[in-house]
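Taking it in order: structure first as structure tokens, then the write-up.
The values are calculated or read from the model by the stated rules, or taken from the named source; none is laboratory data. The structure displayed is predicted, hence computed values, not measured ones. All Cβ positions, glycine included, derive from the backbone under ideal geometry; neighbour counts span all protein chains shown.
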Amino acid sequence: MVSAVRGLIMGAAGLGAAAAGVFGVSTLRDSDETADADTDALHQVSFGGEEICLKADIDFIPGDQNRCFTSAEIAGWRIEPLIDPERGAMAVTMRHPTDGARSAAEPKTCRDYGELRYDGWYAPTSREMRREAFFVRACGVIEMLMRAQTATTNHFADDGLELGEVASISADRFLRLGAEDIDAPGDPEIERISDTAWRVAAGGQTTFIEEIAVLDFDNDGIAEILAFFAGGPDQATARLADIALLEKDADQAAVTVTAIDFGDFYESKAKT
């Protein structure tokens, strides 16, 4: 199946070429790496035996359609090179925030990408921004799933968003540029393109929202939706991406959106 969100982020033709489906990410296994021990030491995570189940079929492991994984399995993905099932091994070119003479970095794992991003390194071109969106989604999902557990209470009908909730989210958060939100003029055109993905268009801008997992991510017992936002102006090549939590504290409550800050995941390692 062709991926709508993959086409949105990676495709040179832009948003108009995106088709129905969900975004796929894989990781390349390396038997020589002690993934679980390394990641556990970095994060001081106490892994349990509970399996974490995903809503979207995102192909983290090539050829494996299983959507349920242990925390230890998920943590192991963090130090393994990311693989796009259609494009092969992934890397993103990043530049230092203040020292233009410093050589560019090309992280291939979520650990390396996250440490660079937290220290201010950035993708310098539209092409690299699209590649970075791949890392934003894959690495954000991994980090959040490492902290997730099964919820005891769920206020989302049928474990997902409804049309009115998508419209409400769109009014508050149509296109995100870092810390700045741009309001979308006029009534948005909303299309459900799969069981887990929505397309929202208005004012010459298009955003895709993908529901990745419905779990308890903040240890309050109540389910949140881990969602991926990707989009940009229809006539431009730059694509912007964010991971966010969609929260709902009662059946009739409004959905609130909380952006995920990569600084919450990684300790800064000053580059000298």
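Annotations
- Pairs where the first residue, in region 105-120, is within 13 Å of residue 134 (Cβ to Cβ) and the second is of a type in the set (Lys, Arg), C-beta under 9 Å, 6+ apart: 107/117; 109/78; 110/78
- Residue 86 within 20 Å of the chain's Cα centre (by Cα) and modelled with pLDDT under 90: yes
- Residue in region 210-227 that is more than 23 Å from residue 114 (Cβ to Cβ), surrounded by fewer than 20 Cβ atoms within 10 Å (Cβ to Cβ), among the hydrophobic types (A, V, I, L, M, F, W, C) and modelled with pLDDT of 90 or more present: yes
- Within region 128-159, being surrounded by fewer than 17 Cβ atoms within 10 Å (Cβ to Cβ) and either free of Cβ contacts under 8 Å to residues at least 24 places away in the same chain or out of contact with any Gly (no Cβ under 9 Å at 6 or more places or on another chain) (or both) holds for 150, 155, 157, 158, 159.
- Residue, farthest from residue 164 (Cα to Cα), within region 228-239, restricted to residues that are touching a Gly at 6+ places or on another chain (Cβ under 9 Å) and surrounded by 17 or more Cβ atoms within 10 Å (Cβ to Cβ): 239
- Any pair with Cβ under 6 angstrom, 6 or more apart, that starts in region 204-228 at a residue that is of a type in the set (Asp, Glu) and ends at one that is assigned to a strand (DSSP E or B) and surrounded by fewer than 22 Cβ atoms within 10 Å (Cβ to Cβ): 216/149; 224/245; 224/247
- Scanning region 89-107 for residues that are at pLDDT 85 or above and not in a loop (DSSP other than H, G, I, E, B) returns 94, 95, 105.
Residues checked against (1) under 18 Å from residue 261 (Cα atoms); (2) within 15 Å of the chain's Cα centre (by Cα):
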residue	(1), (2)
106	no, no
112	yes, no
124	no, no
130	no, yes
134	yes, yes
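- Across region 101-122, the qualifying residues are those that are surrounded by 18 or more Cβ atoms within 10 Å (Cβ to Cβ) and of a type in the set (Ser, Thr, Tyr), and the one among them that is nearest to residue 241 (Cα to Cα) is 113.
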